[in-house]
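Q: First, the structure itself, so that you have it in front of you.
The values are calculated or read from the model by the stated rules, or taken from the named source; none is laboratory data. On a predicted model such as this, the values are computed, not experimentally measured, just so you know. As a convention, Cβ positions derive from the backbone with ideal geometry for all residues, glycine included, and neighbour counts pool all protein chains shown. Heavy atoms of the whole protein, side chains included, go into the accessibility calculation; ligands, DNA and RNA do not. Shrake-Rupley method; radii C 1.70, N 1.55, O 1.52, S 1.80 Å.
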Amino acid sequence: MESIRLREDVARRFLLGIQGLWPGRRWTGRNGAAAAIRALGRLQLDPVSLVARSHDLVLASRVTGYHPDHLNEIVYGERLFFEYGGHLDVYPSGEYPYWDLHKTRRRNDPRVCTFLAEHADLVKEVRALVRDRGPLAAADIPHDTWVTSGRARTIGGLALYNLWLVGELMTHHREGFERHYDLAERVAPPVGKALSEAAVRDHAAVEVLRRSGLSSLREWSGGVGYMLFANMPRKNAAAWMSDLVARGLAVPVRIEGHKAERFVHAEHVPILELLAKGHVPRAWESHVGTEAEVTFLSPLDNLVAARERVLDLFGFELIWEIYKPAEKRRYGAYTMPILYQDRLVGRMDPKMDRGAGVLHIRGLWIEEEGLSHDPAFKKAFRNGLDRFARFHEARETVRPSGMSGLDW
């Protein structure tokens, strides 16, 4: 199949648009939060809260009137979504059966099967406790042996986590960010008969392509490999993608000025054609556009998760420095990319003092030449910052005197 040829600005707008970031926010409230997650395909959960948590920032940047309670309601109340994965994402409930293969392969992972074998008595006890008393948090498990793991602080919590990873348990709800586990059969959405491995593989190949948008072979194969919990050599990935193209499910794309070939889901081709003509899909009509109000993106936002693509198409290097010592940081602990129109034009490092109700802007870098003196951008920046502060319920926004970047 012949490649589609795209201008770079069309490619950027497509990527932003399918993720609900351009031409602006088009969803509203709780139902809008659900629509946003479905469009994204997944939403990464993260506990860090120097400002709001990443998952709330992702939704607030796309949904007018979003409140963190909305996510709790649609995930743990209405069960429209479920949590899963070492990466810890929320997925639409319809995706649940397609993760069975991943869970089965997790059980055979040396780290998991070794833990389950070495702590067989504890695992048996935890299963019984959850069955009889669930839903339970790690603190409810009567084992206070501390562990050095990013997944749990106690051996009992690690047993819960491993049972969750192999699919025996699911997240019932959260209190704060603490997970409470229950048996999967008491939480899982209704499912039909088990899917074949071939059906799961086909679904993963198409779903990853759909939610990633313009994807390189490497980006796509990484996403599919994660979903299937399997390594994928490049030659195997290339052959698989060629098959998708031959079947009319994927279409190769060439972007002007870029060497790398990318691929798009066939259902997105009409959108690309519309954008190339200078039109905006009717479904993308927005409440507030990114021209009138900048958007501050979480450093874990779905858009910037594909760092190589963001550097290639947006000329923006995402730098995640939260785990670096302060003296080694180039920018800041929680530096957020700034979206203006269809470009990533700079970054801001905020921190929220919730007790005092003060939003601190600890660093600001406007990287597009001349933009700091553009009246339209300065107004859009103020509008975006005002909205960001209201979302955090900040009574005051401050920055250090003499900080460079922008006179707002």
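Q: Please list log₁₀ I(q)/I(0) at q = 0.08, 0.09, 0.14 Å⁻¹ for the chain, using the Debye equation with identical point scatterers on the alpha-carbon positions.
A: The Debye formula, applied to the Cα set alone, gives -0.48, -0.60, -1.37.
Q: Under 21 Å Cα to Cα from Lys328, which lysines show up? Leave out anything in the same chain fewer than 8 places away.
A: Counting by Cα, and skipping residues close in sequence, Lys328 has these lysines nearby: Lys351.
Q: Continuing with this model, one more query. Expressed as a rounded percentage, what relative contact order does the range 243-367 have, with Cα pairs under 8 Å and six or more residues apart? Could the numbers behind the result be given before it?
A: Values: 160 pairs, mean separation 18.8, N = 125.
Result for the range 243-367 is 15 percent.
Q: Starting from the Cα-Cα distance between Thr104 and Glu73, subtract it from 0.36 nm times their residue separation and give me the gain in nm to one decimal.
A: On the way: separation 31, 0.36 × 31 = 11.16 nm, distance 2.94 nm.
Length gained, Thr104 through Glu73: 8.2 nm.
Q: Could I ask something else about it? Rounded to the nearest 10 Å², what accessible area does Met232 have for a 1.4 Å probe in the complete protein model?
A: 40 Å²
Q: So if I average 1/r over every pair of distinct C-alpha atoms in the range 302-386 and take the inverse, what Kirkwood radius in Å does that give?
A: Details: mean 1/r = 0.0708 Å⁻¹.
After inverting the pairwise mean of 1/r, the radius is 14.1 Å.
Q: Quick one: dipole size for the range 1-129, taken about the Cα centre, charges +1 on Lys/Arg Cβ and -1 on Asp/Glu Cβ, in debye to the nearest 20. Walk me through the numbers before you get to the answer.
A: Working: 19 positive and 16 negative charges, 83 e Å.
Taking the Cα centre of the range 1-129 as origin, the dipole is about 400 debye.
Q: Could you name the lysines in cross-link range of Lys124, using Cα to Cα under 30 Å and dropping any fewer than eight places away on the same chain?
A: Answer for Lys124, where 30 Å is the Cα cut-off: Lys103, Lys193, listed by chain and number.
Q: In a Debye calculation with equal point scatterers on the alpha-carbon sites of the range 1-104 and no solvent, what is log10 I(q)/I(0) at q = 0.13, 0.14, 0.16 Å⁻¹?
A: -0.54, -0.62, -0.77
Q: If you place +1 on the Cβ of every Lys and Arg, -1 on the Cβ of every Asp and Glu, and leave all else neutral, what size is the dipole of the range 286-365 about its Cα centre, to the nearest 20 Debye? Before the final figure, lay out the partial values.
A: On the way: 11 positive and 11 negative charges, 74 e Å.
The dipole magnitude comes to about 360 debye.
Q: Moving on to the next point. Want the number for Arg174 to Ala283: 0.36 nm per residue separation, take away the alpha-carbon distance, what's left?
A: Values: separation 109, 0.36 × 109 = 39.24 nm, distance 3.32 nm.
Here the segment from Arg174 to Ala283 would lengthen by 35.9 nm.
Q: To continue, here is another question. Consider just the alpha-carbon atoms of the range 63-144 and return their Rg together with their Dmax, both in angstrom.
A: For the range 63-144, the Cα-based Rg and Dmax read 16.2, 49 Å.
Q: Now a separate question. How big is the dipole moment of the range 38-196 about its Cα centre under a simple scheme where the beta carbon of each Lys and Arg is +1, that of each Asp and Glu is -1, and everything else is neutral? Debye, nearest 20, please. Write out the running numbers ahead of the final one.
A: Working: 20 positive and 21 negative charges, 91 e Å.
That gives a dipole near 440 debye.
Q: Please state the equivalent ellipsoid semi-axes for the range 94-235: what are the square roots of 5 times the Cα gyration tensor eigenvalues, largest first, in whole Å? Mind dumping the intermediate values first?
A: Working: eigenvalues 186, 59, 42 Å².
Result for the range 94-235: semi-axes of 30, 17, 15 Å.
Q: Next up: Using a Cα-Cα cut-off of under 18 Å, which aspartates and glutamates could be cross-linked to Lys235, ignoring same-chain neighbours fewer than 8 residues away?
A: Asp202, Glu219, Asp243, Glu261
Q: Using 0.36 nm per residue of separation minus the Cα-Cα distance, give me the extension gain between Leu274 and Glu393 in nm, one decimal.
A: Details: separation 119, 0.36 × 119 = 42.84 nm, distance 3.91 nm.
Full extension from Leu274 to Glu393 adds 38.9 nm.
Q: Please work out the C-alpha center-to-center distance from the range 359-387 to the range 259-284 and express it in whole Å.
A: About 30 Å separates the Cα centre of the range 359-387 from the one of the range 259-284.
Q: Separate question: Please arrange Trp284, Trp146, Trp27 by accessible surface area, largest first, computed with a 1.4 Å probe and ligands excluded. Intermediate results must be reported in sequence, preceding the final value.
A: On the way: Trp284 15, Trp146 185, Trp27 40 Å².
Final ranking, largest accessible area leading: Trp146, Trp27, Trp284.
Q: Put +1 on the Cβ of each Lys and Arg and -1 on the Cβ of each Asp and Glu in the range 247-309; which of Val269, His287, Leu297 then has its Cα farthest toward the positive end of the dipole?
A: Value: Val269.
Q: Ok, one more. Enumerate the calculated ³J(HN,Hα) couplings along the range 326-332 in order (Karplus 6.51 cos²θ - 1.76 cosθ + 1.60, θ = phi - 60°), each rounded to whole Hz, writing x wherever the residue is Gly or Pro.
A: 3, 6, 9, 7, 7, 10, x
Q: Among Tyr331, Met352, Ile366, whose Cα projects farthest towards the positive end of the dipole of the range 313-384, with charges put on the beta-carbon of Lys, Arg (+1) and Asp, Glu (-1)?
A: Farthest towards the positive pole: Met352.
Q: Relative contact order of the range 59-105: what whole-number percent is it, with Cα pairs under 8 angstrom and at least 6 residues apart?
A: Contact order relative to length: 19 percent.
Q: Something else now. Modelling each spin label as a point 7 Å along the Cα-to-Cβ direction, I'd like the Arg151/Ala292 distance in nm, to one decimal.
A: 4.8 nm
Q: Would you kindly find the accessible area of Lys124, with a 1.4 Å probe and non-protein molecules such as ligands, DNA and RNA excluded, rounding to the nearest 10 Å²?
A: Spelled out: Lys124, probe radius 1.4 Å, area about 140 Å².
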